[in-house]
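For reference, the structure is listed below as structure tokens.
The values are calculated or read from the model by the stated rules, or taken from the named source; none is laboratory data. Just so we're clear, the structure is a prediction, and the values are computed from it rather than from any experiment. Here the Cβ is made from the backbone with ideal geometry for all residues, glycine too, and neighbour counts use every protein chain on show. These area figures cover heavy atoms from the full protein model, side chains too; ligands, DNA and RNA do not enter into them. Shrake-Rupley method; radii C 1.70, N 1.55, O 1.52, S 1.80 Å.
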Amino acid sequence: MADTDPTREASAGLRRTDRVRCRIGQRTGKVAVVTLSARTRAAARLGLLTSSLSRKMGRGEGMVIGGRVILRLAPDAIAEMAHDRVAALVSATNGKTSTTRLLATAVEQAGPVISQNTGANMTSGVAVTLASGDPAAQAVLEVDEAYLPAIFRATKPRVIILGNLSRDQLDRMNEVAMIARRWRDMLADATDTTVVANADDPSIVWAARHAPHVTWVAAGQVWTADSAVCLDCGSLLQRDDSTWGCPNCGFARPTPTWTLEWVDDHGVVHGPHDQRFDLPLSLPGRFNAANGAMALVATVELGLDPAESARRMATVESVSGRYAVVKVGELTIRLLLAKNPAGWSELVDVMPPAPTPVIVTINSNAADGRDPSWLWDVPFERLRGRVVVATGDRRRDLAVRLLHAEVDHVVIEDPYAPGAELPDGMRELAVVDCAATYTAFHHLRTSSDRQAARRS
Amino acid sequence: MNLTVVSVYPTLLGTYGDGGNVMALRHRARLHGIEVDVINIEPGDAVPESAELYVLGGGEDSAQTAAANALRADGSLKRAAERGAAVLAVCAGYQLLGEYFPDANSAATPGLGILDIRTDRLPKRAVGELAADPKEPLTQTLTGYENHAGATHLGPNASALATVRAGIGNGDGSEGATTAHVIGTYLHGPCLARNPQLADLLLGWAIGRDLPFIEEAEVTQLREERLRTVLG
Ligand SMILES: [Zn+2]
């Protein structure tokens with residue numbers, strides 16, 4: 001790395017980045033600039049108390065109810081508690097929880113950081129997170145796509161990461177175009193924020209391209225089905241391996257300042273002035289390297305040392321249970337979570353190569369999406385050459401999908417039960433990969449917690 | 001034996017795993033010893049007129065209008081249907097085969113006039129499992145998922161595909177519409193994977209002879225589970 005000063009770019013960017021660097025440099029935890037009104041202080045105390053009571057009563061993490069209490073008592077609490085200390089917001093359809101965790105871990109090089117540890121990413125979750133921990137700590141927050149405009153305006157972050165947009169739950173129609181439009185409006189006058197945006201996702205580019213300060217990152221896009229059409233004129237976008245553009249109106253991929261390259265199972269981030277940073281993440285897969293690349297560039301925009309960021313990000317081994325290795329029944333499994341077709345397409349590539357057998361768990365509760373027709377959008381063909389255990393409430397839908405994909409499979413209601421007829425060799429595996437939809441993932445996580453509690 | 005299946009505008013009309021219907025056709029054809037060549041046609045490409053089978057999927061309002069305009073300008077799909085080619089059209093694809101359908105602002109937009117149907121808006125969006133008893137020659141209850149806001153009214157030259165037992169379908173107790181070798185339906189899921197008899201009917205029309213039904217355990221189990229869930 002010959003040149004470690006990426007701020008020698010455009011002059012506007014230089015001024016902005018230097019100012020941010022000063023601010024973050026001043027605050028190593030001792031400068032408490034946060035002065036809360038008595039009303040907000042009281043609301044925060046009561047909200048946290050409510051959260052902890054709810055948790056003790058076994059009703060989940062209590063983030064939602066706690067946040068509601070805070071915002072009911074002090075409607076402006078988020079703006080007040082966020083004042084001048086939100087380093088970054090992170091939003092995307094996929095990867096926002098992982099990106100947030102990677103970024104929060106990297107930003108700790110400048111002092112204490114608060115961030116969600118439960119994935120509660122709507123208004124109430126943000127309120128509780130800001131109310132908890134050191135009131136002078138920097139905040140790095142994950143935000144749900146739909147709630148982003150309101151939380152952005154209230155928190156005035158120094159950096160915002162926009163990763164990707166794709167269909168999430170099919171019963172919410174028109175979501176991608178609608179969210180891109182709301183993000184575009186949100187960014188129109190965002191003069192105090194640097195947008196770190198994925199140049200490879202046309203919907204993200206469409207939302208961010210008129211923002212006052214944007215740093216483009218070529219982080220890749222695996223899933224193109226939800227950005228087939230130009231959001232300006234409705235023409236079909238043209239794509240090749242490295243770029244995309246509209247043949248009709250000229251809307252096209254911007255030239256990225258940073259580029260992620262995937263070499264030998266890990267990411268390498270190339271920046272201006274021949275800068276090059278290895279990203280030896282513990283989190284698997286190219287899509288996590290993309291998350292890491294976005295986080296790394298955000299730390300540059302915050303005036304932090306990117307090499308130190310990369311070192312710190314490598315220490316993150318699991319994110320809210322994702323990729324955690326846990327014991328369920330007699331099996332030791334690695335938990336993989338995907339919530340939508342784009343996420344599933346990425347997970348299929350993270351699993352060990354054939355002939356290693358794997359477990360796939362499909363539910364269709366409200367949080368999973370009631371309609372599992374998205375199974376037909378996932379390239380399960382890539383699992384050929386092994387036996388897949390199909391389980392979950394919708395295991396029979398999965399079995400039919402696997403039949404058509406020509407993937408050998410067995411349908412098992414409870415593969416963790418003693419005596420379950422698992423595929424040959426599965427019991428002997430040190431770790432079995434188990435990919436699951438949202439509610440199935442949480443069920444496995446809590447069963448493994450209970451099992452751990454019984455053992456201790 | 002080879003059979004050409006045209007997937008019409010999959011990037012515009014592919015919201016609900018619609019690619020699965022093409023996969024199911026390929027899969028069922030193989031069971032019957034028929035190889036399928038699939039041609040994906042995008043807007044801007046000419047739709048081939050001489051294929052045996054055409055498949056259209058679902059899509060959002062703006063994509064549906066764009067697809068209808070492009071297909072009307074192209075003209076080949078209508079000529080192929082009139083010549084007797086088999087056509088399966090799902091949801092938005094179903095609506096645009098008709099005389100008119102509502103666009104994003106609920107304005108009546110001209111369709112292709114292949115099916116004698118007219119679509120306007122349901123009072124409330126239909127989202128959920130759909131089960132319907134089919135007309136001859138189909139005998140197995142149709143099962144799938146529906147997610148649409150269209151109320152579809154059949155004219156004298158179209159017959160209903162089925163009678164609704166659970167769900168909304170066309171909105172008047174009937175589900176889908178058919179004329180000659182053209183089938184339109186609100187069932188996705190995708191419908192040909194969940195209703196192999198429907199897939200075989202289309203394949204049989206395409207090759208010009210009836211196909212014997214071949215049962216697959218996974219599919220039978222899924223059908224039983226779904227029908228039990230919605231019909232009790
Ligand atoms: Zn355009």
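A few comments on the model shown:
- Net charge, A:Trp244 excluded, C-beta distance under 11 Å - Lys, Arg +1, Asp, Glu -1: -2
- Helix-only [θ]222 nm of chain A, DSSP H runs n ≥ 4, -39500 (n - 2.57) each, per residue, nearest 500: -11000 deg cm²/dmol
- Sequence ranges B:42-48, B:76-82, ranked by mean other-Cβ count within 10 angstrom, highest first: B:76-82, B:42-48
- Mean separation of Cα contacts under 8 Å (6+ apart) over length of chain A, as relative contact order %: 13 percent
- Leaving ligands and nucleic acids aside, the A/B contact buries around 2400 square angstrom of accessible area in total at a 1.4 Å probe radius.
- Tensor-based shape of the range A:226-287 (alpha-carbon gyration tensor, a/c under 1.5 rounded, otherwise prolate or oblate): prolate
- Between the alpha-carbon centres of the range A:382-456 and the range B:1-70 there is a gap of 33 Å.
- Peptide-level mean, for B:61-67, of C-beta atoms on other protein chains within 10 Å: 2
- Neighbouring Cβ atoms from other chains, within 10 Å of the Cβ of residues in A:395-407, number 6 on average.
- Candidate lysines - alpha carbon under 28 Å from A:Lys156, same-chain residues fewer than 8 apart omitted: A:Lys30, A:Lys96
- Calculated FRET efficiency, A:Thr191 to B:His32, Cβ-Cβ distance, R0 = 56 Å: about 0.30 to the nearest 0.05.
- Cα gyration tensor category, rounded, prolate or oblate, for the range B:2-231 with a/c compared to 1.5: oblate
- The calculated FRET efficiency for the pair A:Ser52 and B:Ile39, based on their C-beta separation and a Förster distance of 41 Å, comes to about 0.10.
- The distance separating the Cα centre of the range A:266-287 from that of the range B:131-180 comes to 53 Å.
- Peptides A:254-267, A:435-448, B:176-189 ranked from most to least packed by the mean count of surrounding Cβ atoms within 10 Å: B:176-189, A:435-448, A:254-267.
- By the rule of a C-alpha distance below 17 Å, with chain neighbours fewer than 8 residues away ignored, the aspartates and glutamates paired with B:Lys124 are A:Asp171, B:Glu60, B:Asp61, B:Asp103, B:Glu146, B:Asp172, B:Glu175.
- Partner chain coverage, peptide A:369-375 - average Cβ within 10 angstrom: 6
- Over chain B: helical MRE at 222 nm, DSSP H runs n ≥ 4 each giving -39500 (n - 2.57), nearest 500: -9000 deg cm²/dmol
- Model label points for B:Asn105 and B:Gln140, set 7 angstrom from Cα along the Cα-to-Cβ axis, are 4.5 nm apart.
- Residues of type lysines that A:Lys327 reaches as a straight line, Cα spacing below 25 Å, ignoring anything fewer than 8 places off in the same chain: A:Lys56, A:Lys339
- Summed residue charge, Cβ within 9 Å of B:Gly111's Cβ, Lys/Arg positive, Asp/Glu negative: +1
- For a label point 7 Å along the Cα-to-beta-carbon line of A:Ala452, residues of the range A:105-125 with backbone N under 15 Å: A:118
- For B:Asn170, residues with placed amide H under 5 Å, excluding near neighbours: B:Glu175, B:Gly176
- Relative protection proxy for A:189-198, B:149-158, A:391-400, from highest mean packing down: A:391-400, A:189-198, B:149-158 (other beta-carbon atoms within 10 angstrom).
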